[in-house]
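Visitor: Sharing a structure, written as structure tokens. Questions coming.
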Amino acid sequence: MKKTNRFWVILPAVAMLFTNALQASENTTTNTTYVAVAKPSPSQLNVAISKGDFTKVQELVELGVDVNKKDERGKTPLMYAIMYKQSEITLYLIRKGADYRALDDNGVSILEYAEKSKSEEIIKLVKDARKRR
């Protein structure tokens, strides 16, 4: 990963910590303790998917990352899993409620992403999900 990409992933968490520290210093006369909680972002999920890091994907989903949140390009985590031919992650996201009927900002469907991937396993996973629900 490029260094500049890491910067943009870490920046929101640092900003939140800084803001909470300022608020805590302003309220030093009270007994309130502020604890910064950085919620993982969907972009972290997309990075884990692109690396094929199934364990990290599970951790992020369990922490509450929205499996249907579109990024700035209009792509969902399921679309990334399909683009990177991550069949295990694709199945996991579908089981965790990923919208297998979603469209990106260009109107391309999950099924079209699966067909473009040319992965028979992923195509079958998406078609099976569409049949079941």
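Read-outs: derived from the displayed coordinates by stated rules, not from any lab. These figures come from a predicted structure and were not determined experimentally. FYI the Cβ positions are ideal-geometry reconstructions off the backbone, even for glycines, and counts take in every protein chain you see.
Visitor: By average Cβ neighbour count within 10 Å, what is the ranking of 79-85, 108-114 from highest down?
Guide: 79-85, 108-114
Visitor: Another question, if that's okay. Can you give the FRET efficiency for T55 and S87, using 1/(1 + (r/R0)^6), R0 = 22 Å, r = Cβ-Cβ distance, to the nearest 0.05?
Guide: Plugging the Cβ-Cβ distance into 1/(1 + (r/R0)^6) gives 0.85.
Visitor: Let me have the relative contact order for the range 39-132, percent, based on Cα pairs under 8 Å that are six or more residues apart.
Guide: With pairs under 8 Å counted, the relative contact order is 24 percent.
Visitor: In whole Å, what three semi-axes, largest first, describe the equivalent ellipsoid of the range 39-132 built from its Cα gyration tensor (square root of 5 times each eigenvalue)? It would help to have the intermediate numbers written out before the result.
Guide: Numbers: eigenvalues 72, 40, 28 Å².
So the three semi-axes of the range 39-132 are 19, 14, 12 Å.
Visitor: Can you give the local net charge around I82? Use residues other than it whose beta-carbon is closer than 13 angstrom to its beta-carbon, Lys and Arg +1, Asp and Glu -1.
Guide: Here the charged neighbours net out to -1.
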